[in-house]
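S.K.: Quick one: structure below, then a few questions.
Any read-out appearing in this document is the output of simple, stated calculations on the displayed coordinates, not a laboratory observation. If you're wondering where the values come from, they're calculated on a predicted model, not measured in any experiment. Here the Cβ positions follow ideal geometry from the backbone for every residue, glycine too, while neighbour counts run over all protein chains shown.
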Amino acid sequence: MPGLKLQGLHKQFGEVVALRTLDLAVESGEFVSLLGPSGCGKTTALRIVAGFEHADEGRILVGDKDITDVPANRRDMGMVFQSYSLFPNMTAQQNVEFGLRIRKQRSAERARRASELLDLVGLASATGRYPHQLSGGQQQRVALARALAIEPSVLLLDEPLSALDAKVRVQLREEIRRIQTQLGITALYVTHDQEEALSVSDRVVVLSHGQIEQVGTPAEIYGEPQTVFVAAFIGTMNRIEATVRADPSGAVESAGHRLPVHAARNWTSGLHVLMLLRPEVIDLRPLQGDTSAGGEAMTGNVKSHTFLGPVTRVQVSTPIGDLMVDVPSVEALSVSIGARVSLTWDPASPRLIELPAGAENVVGPAAIIAEDELQPA
Amino acid sequence: MPGLKLQGLHKQFGEVVALRTLDLAVESGEFVSLLGPSGCGKTTALRIVAGFEHADEGRILVGDKDITDVPANRRDMGMVFQSYSLFPNMTAQQNVEFGLRIRKQRSAERARRASELLDLVGLASATGRYPHQLSGGQQQRVALARALAIEPSVLLLDEPLSALDAKVRVQLREEIRRIQTQLGITALYVTHDQEEALSVSDRVVVLSHGQIEQVGTPAEIYGEPQTVFVAAFIGTMNRIEATVRADPSGAVESAGHRLPVHAARNWTSGLHVLMLLRPEVIDLRPLQGDTSAGGEAMTGNVKSHTFLGPVTRVQVSTPIGDLMVDVPSVEALSVSIGARVSLTWDPASPRLIELPAGAENVVGPAAIIAEDELQPA
Amino acid sequence: MRRPRIAPWSAFWLLLAVLYFLIPMYATAEFSLQTGNGQYGFDAYREILNDPSFKSSFLLSLRLAVETVLVSLIIMVPTVYWVHLKLPRLRRVMDFIAILPFMVPPITLAIGLLRELHPLVTVRQLTWLLSSPQQLILPYVIIVMPFTYRSLDAGMRAIDLRILTEAAQSVGASWLTILFRVILPNLRSALLSAAFLTITVVMGEFTIASLNQFQTFSVYIQYIGAAKANPAAALSIISFTLTWGLMLSILIIGRQRGSQQQAQIGTTR
Amino acid sequence: MRRPRIAPWSAFWLLLAVLYFLIPMYATAEFSLQTGNGQYGFDAYREILNDPSFKSSFLLSLRLAVETVLVSLIIMVPTVYWVHLKLPRLRRVMDFIAILPFMVPPITLAIGLLRELHPLVTVRQLTWLLSSPQQLILPYVIIVMPFTYRSLDAGMRAIDLRILTEAAQSVGASWLTILFRVILPNLRSALLSAAFLTITVVMGEFTIASLNQFQTFSVYIQYIGAAKANPAAALSIISFTLTWGLMLSILIIGRQRGSQQQAQIGTTR
């Protein structure tokens, strides 16, 4: 299986820049996701790879072969679309066979291959059904089988799960990953759903405004966000504006409080930074009576609870701002609203990102509303 | 604020029974969610409450008032729809004022109220914009303001977030909850997304095939599922077929293994049951060398990892079947695929559900595919 | 390597279509200006514009057209709205009924024959109708039904009729309020296109009017066309110019709405 | 308390529409069977069916209709497909061009006049065309363009044209394969409706044919209508019956597809 290389892809629709010199190399057999909000250019990138759009500048290579100017129907890319894309006039089997028929394979050979693939996607029993007789999840399975039937060099998936119910979505994403691993096919997956991207990918590419924000394994993207955007977009993140303190053991200062952060050791004292802290790494303990917390803990009052199943998200108002803390749901029962609690964390957990001087509104809901407002652009 | 009562609602579309004698009482000021897969009848129930459909049988009461035969436009219910429902020919402000205009309020009064409500939903700056100039999230905010403007007795929400991006969805659901609490309005919320239902509701009603499976607080629904359906639908659940053992400390037997379960104390020995175990309550520990686990632990081999952000889901193949275990992502790095691990759990954690004699296929992927296949019905 | 937005060969189609209308137009215009002996002049136009039948027949057709628009919209708007809202299963039946009037020749003949069958019309009060040109409105409403129906149907498909109706109901609007304040404003371009098509069809309808011996504009054109060649060409140009204004206005209004809708569509990418 | 599926007053509209066609039909049929003196018989029918002009004019019109269908589909299908796929911005322009032919009276006159302007046609080879009835196909293709365009446009809107095309491309299909194996099979009912409308319009077209002095079916009907009252009524009934078969077939085929689509729509609830 060859790999896939995108070199300096640039694409503009009228005034709007959809992609800004995008470079990306997908290794042979690798599963890479393009992740970002609507309008970040992820779908445009995929469509350029598929040959449905033409980049204004840049090259696309499959293995060593430059396919930039090859028309879409000669690219040998399997594609699964966001909306249901089965041919309504053909049965599931005929849909899967369609690509083979174009390749002039013999009927028996085609039928064998189609049933093999429908088997692979768990739909051996649906060969004779028409698309309208299949559920959404089943249609996408058939679409996957159709894309795989032509033994594509690269598998492209454009939000294949976004039209499906949550439960089916989780199940199907696992199967897509299983099949991709089994066949060892190179895959490029587009999604706006970060959990989806993190759970199925070898590497995740976070895009914003047509540019790459960060490329890394799911654990890197989640654990070590490199930009303010990634920190805000991936998972839930407490973002605290702070200043690096001159402190050999590593610490920052926020709203007059000293916060121990190992990562601060390598930063210049006085630097304006954003301290990033995942809700699940904060330890929450109720304070008995009116004792104030000793040592390096933050104290605060519980503002609200949100039950999320395994964990309950507790919002605590502290001198350095509201902090989200994830507490196992069984323990959360003992923390009532208004209660005084202490918050501690391993000084090795927080990450720091340098803030440009004068940066504002990078923290808090305003930053998220800004994303929402980007949509109509 | 009055409460809402549904009494014996029954609705059939041709041959298909959408609702089967549904009874439900929503307390004044309560936030209740109807949760279930597509086709479970949740939207039909909401539309009957709104007056857009008529039940074949049954009554609807707001407070003490029977509104079963009141037309939709006299019911005083605010409704927020799944798809964008703003009037395209009116600005955000005119949309919000529309209901007040019908109530013949004076212009100044209307404008005051509209700006108050647009403020409440965080869109004070968008009053003069037309729907097509707003993002999806903003349109739903305006729709919420429009529904609230008429000071409805009950607020109905029909999957208001399903067309939005993940990030906006989380943010808006929290705001809906905040506004609902602030106004103390009775709310009925329809969704197919269990996380959404669990996180915003006072109580959740799980529906399947037009019937109530379980009603309870989010913690009850998540922690103590009463039926096989709820156990499969809400969150991720390990489901193990077992037989109750005669054991004073409580235990069941599966595939020849004794599994300690406190809940089994109250069950008749020999009963065929489904043991339910959440992935996050299982403790996973690598086994050093070839030592086998002592005492009451299960041993198995790691089959796969799925990175989910805060936790990594590890699939372990054991003698009693494949078990899902959620491990904090930092710890998961030390568990490689193929490694031998021991699994333990607090005997107080597992729940039991009695299985009807001869029940099959309630465990494993087959059960979930069946749900998927229900969709086109 | 920026590519042009419009592929060259689609511009070709556009050009072909325009040429296809412009060449006959040019030929007609050229012919209308001939005064014999290779000379050019406005004689033909003067002759037409001075003919009292021109003005009277044009005004009669225009009045019939406007009345037909009103009657057909009053009948069709609530019907199509109701079918869309409550009886989507009936849409196919409506599609069928809406093409019935295309079987015009036999049916119109039949309606023409109705005049011969006066005795069948037992309701005496109807006789005034049967002798006035207003009787044409009834067959005209039927003839334009396909256009009215299709315009309204397309317009209602483009907006989410059910959701808008229910949203208006939920805040307390009555049916009349919904129709006039929510539905009609969002059907503006569909209504305009229905009205416009109706006007052009009625202005051009010849068979029924001539069988019933009313001097409508098209009957007048036909008469001139058979009798006088150059004035007929001039008349072509005049009537073309008259309808053109209407055309442009609808296009401009339609485009305003169109750009709004495109902005909306743009957000889905 | 189960409610009936179809509201009574929508059945009223249906009834009204049917009555509106049935009463004239009945009156025409009744009249066609009169043989004078209050007697009834098939004399009128016999007279029509024995007239050789009936058969020749009907076959001429039918041939022209079928040829018009072929030419207009060959021109319009790729054009509309391309506009939908690649130039959605041009859709409004197409909508505009598609209503141009409704300005039929002046334009057709103009085309009729083209005959007077033979000298303008410098390409000698075209003269055979100008003297054969085939010359009617060109204006007919234009006249039916609105119907063809609207049918195809609606059909292509109903399927997700772009996704189907791209899905076919991604597995290696060429443009021809996509058109014939993916797009056309899913446009079956749109194609049928375009063909059907074209046939009925061409069968009924009178103005152009009569100005060019060809003896088409509608010209024959008009002639009979002016000359002989009872046979005209009989002819109405005959031509109505002839088109009816075609109508029903399209309705039945359309309904088959419709029920499939409804099944699909049903899943969205």
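S.K.: Which pairs in the list B:5/B:167; A:11/A:167; A:42/B:167 are over 27 Å apart, alpha-carbon to alpha-carbon? Could you put the intermediate results ahead of the total?
M.R.: Details: B:5/B:167 34 Å; A:11/A:167 36 Å; A:42/B:167 17 Å.
B:5/B:167; A:11/A:167, as the Cα separations exceed 27 Å there.
S.K.: May I ask which residue of chain C has the beta-carbon nearest to the axis carrying chain C onto chain D, and at what distance in whole Å?
M.R.: C:150, 3
S.K.: Let me ask something additional. Report, ordered by chain and residue number, the aspartates and glutamates lying within cross-link reach of residue C:228, taken as a straight Cα distance under 14 Å and ignoring same-chain residues fewer than 8 apart.
M.R.: Those aspartates and glutamates meeting the cut-off are C:43, C:47, C:51, D:116.
S.K.: Separate question: Where does helix A:365-374 land angle-wise versus the long Cα axis of chain A, in degrees 0 to 90, nearest 10?
M.R.: 20
S.K.: Starting with the fewest neighbours, write out B:167, D:86 ranked by other beta-carbon atoms found within 10 Å of each beta-carbon. Write out the running numbers ahead of the final one.
M.R.: Numbers: B:167 19, D:86 15.
In increasing order of surrounding Cβ atoms, one gets D:86, B:167.
S.K.: Counting alpha carbon pairs within less than 8 Å and at least 6 residues apart, what relative contact order, in whole percent, applies to the range C:147-241? Kindly include the intermediate steps, with their values, before the conclusion.
M.R.: Working: 51 pairs, mean separation 24.5, N = 95.
Reported as a whole number, the value is 26 percent.
S.K.: Using the 7 Å Cα-to-Cβ label point, sort the distances from residue C:215 to its equivalents in the other copies shortest first and give them in nm to one decimal.
M.R.: Spacings between copies for this position, smallest first, are 3.4 nm.
S.K.: Have a look at the range B:1-152 and give its Rg and Dmax from the Cα atoms, expressed in angstrom.
M.R.: Rg and Dmax of the range B:1-152, Cα atoms, are 17.1, 52 Å.
S.K.: While we're looking at this one, here's another question. I'd like to know which of A:95, A:70, A:83 lies farthest towards the positive end of the charge dipole of the range A:29-157, counting +1 on Cβ of Lys and Arg and -1 on Cβ of Asp and Glu.
M.R.: Farthest along the dipole direction, towards plus: A:95.
S.K.: Put the label 7 Å from Cα along Cα→Cβ for residue B:20; what are its distances to the other copies, in nanometres, shortest first?
M.R.: 5.8
S.K.: Give the average over all directions of the projected area of the C-alpha convex hull of chain A, one decimal, in nm². Don't jump to the answer; show the numbers that get you there.
M.R.: Numbers: hull surface 89.2 nm².
For chain A, averaging the hull's shadow over all directions gives 22.3 nm².
S.K.: A follow-up question, please. Put the label 7 Å from Cα along Cα→Cβ for residue D:15; what are its distances to the other copies, in nanometres, shortest first?
M.R.: Listed shortest first, these distances are 6.0 nm.
S.K.: Calculate one ³J(HN,Hα) per residue across the range A:110-121 by plugging θ = phi - 60° into the Karplus curve 6.51 cos²θ - 1.76 cosθ + 1.60, and present them in order as whole Hz with x for glycine and proline.
M.R.: In residue order, the calculated couplings are 4, 4, 4, 5, 4, 6, 4, 6, 5, 4, 4, 8 Hz.
S.K.: Also, quick follow-up: Enumerate the amide H contacts of residue A:21 below 5 Å, restricted to partners 5 or more residues apart or on another chain; note that Pro and chain-start residues carry no placed amide H.
M.R.: The answer is A:10, A:11.
S.K.: What residues qualify as long-range amide H neighbours of residue B:79, i.e. H under 5 Å apart, gap of 5 or more or another chain, H built at 1.01 Å from N?
M.R.: For residue B:79, whose amide H was placed from the backbone, the distant partners under 5 Å are B:156.
S.K.: To make sure I understand, if each residue's beta carbon is the centre and we count other beta carbons within 10 Å, what order do B:117, C:59 fall in, fewest to most?
M.R.: Lowest count first: C:59, B:117.
S.K.: Below 8 Å, C-alpha to C-alpha, sequence gap of six or more: please give me the relative contact order for chain B in percent. Write out the running numbers ahead of the final one.
M.R.: Details: 759 pairs, mean separation 58.5, N = 377.
It rounds to 16 percent for chain B.
S.K.: Let me check against my output: what whole-number percent is the relative contact order of the range B:27-75, with C-alpha pairs under 8 Å and at least 6 apart? Intermediate values should be presented prior to the final figure.
M.R.: Working: 25 pairs, mean separation 11.8, N = 49.
Reported relative contact order: 24 percent.
S.K.: Ratio of alpha-carbon Rg to the 2.2 N^0.38 Å globular estimate for the range A:46-97, to two decimals, please.
M.R.: Working: Rg = 13.7 Å, N = 52, 2.2 N^0.38 = 9.9 Å.
In units of the globular-protein estimate, the range A:46-97 measures up at 1.38.
S.K.: Ok, one more. Which of B:249, B:268, B:282 sits closest to the plus end of the dipole of chain B, meaning its Cα is farthest towards the positive end, when Lys and Arg get +1 and Asp and Glu get -1 on the C-beta?
M.R.: B:282
S.K.: Now a separate question. Answer with one residue from A:22, A:192, A:126: the one whose Cα lies farthest towards the positive end of the charge dipole of chain A, charges on Cβ with Lys, Arg +1 and Asp, Glu -1.
M.R.: Towards the positive end, the residue furthest out is A:126.
S.K.: Report the Cα-based extents of the range A:214-304 along its three principal axes, largest first, to the nearest Å.
M.R.: 48, 33, 18
S.K.: When the helix-only estimate is applied to chain A (DSSP H runs of n ≥ 4, each -39,500 (n - 2.57), divided by the residue count), what is the mean residue ellipticity at 222 nm, nearest 500 deg cm²/dmol? Could the numbers behind the result be given before it?
M.R.: Details: 10 runs with 99 residues, N = 377.
For chain A, the value works out to -7500 deg cm²/dmol.
S.K.: Test of understanding: ordering C:176, D:179, A:4 by Cβ neighbours within 10 Å, fewest first, what list do you get?
M.R.: Details: C:176 8, D:179 17, A:4 25.
Fewest-to-most ranking of C:176, D:179, A:4: C:176, D:179, A:4.
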